[in-house]
Structure formats: C-alpha cells, structure tokens
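So the structure is just underneath, and the comments pick up after that.
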Amino acid sequence: MAVKNKRAVSAPAETKRITLIKVMPWLLLIGGIIALWASVMLSIEVFDRLKNPHYVPVCNLNPVLSCTSVADSRQAHAFGMPNYFIGIAGYAAVAAIGAAMLAGGRFKRWFWQLIEIGLLFAVGFLTWLQFQTLYRIGALCIFCMVVWACTIPMFWYTTLYNLQAGNLNTPPRLKGLIAFLRRHHGDILVLWFLIIIALILKRFWYYWSTVL
C-alpha cells in the first residue's frame, strides 16, 4: 500500500517536470515566429527605402546601429538575393515545425537530421555575418541581432535534443563530452551570448565611450 501511495505522489511530479522534448515545440514556434517577424520587418524597411530614397528606417538609430549600412552591403546578398528572403522562408518553416509538434506531430530521425542541418547552416551563416558586420561593414542591424538571439538557442537545444534522442550518430568516446554539454547547457548558452556582447562592445567602444 505504501508503494502505491509513493507512485501516486511521484507520478504528477514526473508529469510536471520540464524536459527538452516538452520545450522544443515552444522553442521552435516562438523562436521561429520572432525571427520571421524580424526578417519581414527588415524587408519592409528596405522596400520602403527603395520607394523613397529619403526614407529613414526605424532601425537606423546611430552610426553603429544602422540597418541601412548592413542592408546596402554586398554581404546582405550573399547568395545573390537579399538574406532576409532566406530568413523569411527558413524561419516560417521552423515555426511550422514547432506548431506541428504542439499539434501532436512526430517526426522521423531523418527529418530531425534535416532540421539539424538547416539550423547548423543558419548559425554558421549568422556567425559569418557577425564577423562581417563587426569587422568589414562596421555597423549593426537591430533586426539581424534579433535573428541572432533566436537562432542560437534554437540551434543549441535542437542539437542537444538530437544527441539525446539518438538522431545524430556520435562515437562512444564522446559520451562524456555530450553529458557535460547537457549538464551545462545554460552556462554554455550564456557564455556564447556574453562573447558576442563583448566583441560588440570592444569593436565599437570608440562610440559607446562617447555615449556613456
């Protein structure tokens, strides 16, 4: 009888426990929607400026925070089209996947591998863009940074989920490293963002120091 009571008490606690599989749908849905919104907003600002050369985009705040400088660069058309077109298509798909998961959808291993490849491309591309904006263009795009803030957690936790679920083949000798990453997932994510913030502060300190 005591065992039954123990199970009755522990079952609700287990149900309420936050797990990665429970978080993933919301992460992909909300992150995808916010990144999609940022991509759409950037495209609207660019089109408004094309219609009216004197139009000042809302994301042009100062010499550093200037989406016009970024949008006018060749890096903004890395694949022969505006980068935000890729963002609109990609993040709409990510949000749709999150919505499908919330509706009860379950995906095959190969599909999760495709999601991993897509987000790996996204985080690799935005890392390249971060370098370009910091050290080549010399300006930051607010909407682009919103996309950064959404893409990095989506990639990070999708990777951890795929490792946990066995969707990615990993050598046995890496099990210790994977366990370490899972234990310190939040610390690693915070460190990732702190590095980006530190690079931004260092690169544009000549401007920030005049404002402070």
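What follows is calculated from the coordinates using simple rules that are stated; it is not laboratory data. None of these values were measured; they are calculated from a predicted model. A quick note on method: Cβ atoms are made from the backbone with ideal geometry, for glycine too, and the neighbour counts reach across all protein chains shown.
Things worth noting here:
- FRET efficiency, residue 187 to residue 79 (Cβ-Cβ, R0 22 Å, nearest 0.05): 0.05
- In this rough spin-label picture, where each label sits 7 Å from Cα along the Cβ direction, the residue 194-residue 169 distance is 3.7 nm.
- Rounded tilt (10° steps) of 83-102 against the dominant C-alpha axis of the chain: 20 degrees
- Ordering 101, 81 by the number of other Cβ atoms within 10 Å of each residue's own Cβ, fewest first, gives 81, 101.
- Among 123, 56, 147: highest mean-square fluctuation, GNM of the chain, C-alpha pairs under 10 Å: 56
- Calculated FRET efficiency for the pair residue 34/residue 128, C-beta based, R₀ 22 Å, to 0.05: 0.55
- When the Cα convex hull of the chain is projected onto planes of every orientation, the mean area is 16.6 nm².
- Exposure proxy ranking, count of Cβ atoms within 10 Å, fewest first, for 102, 212: 212, 102
- Choice from 161, 135, 91 with maximal GNM fluctuation in the chain (Cα, 10 Å cutoff): 135
- For the chain, taking a cut-off of 4.7 Å between Cβ atoms, the unpaired cysteines are 150.
- Proxy reagent accessibility, fewest Cβ within 10 Å first, across 117, 152, 18, 178: 18, 117, 178, 152
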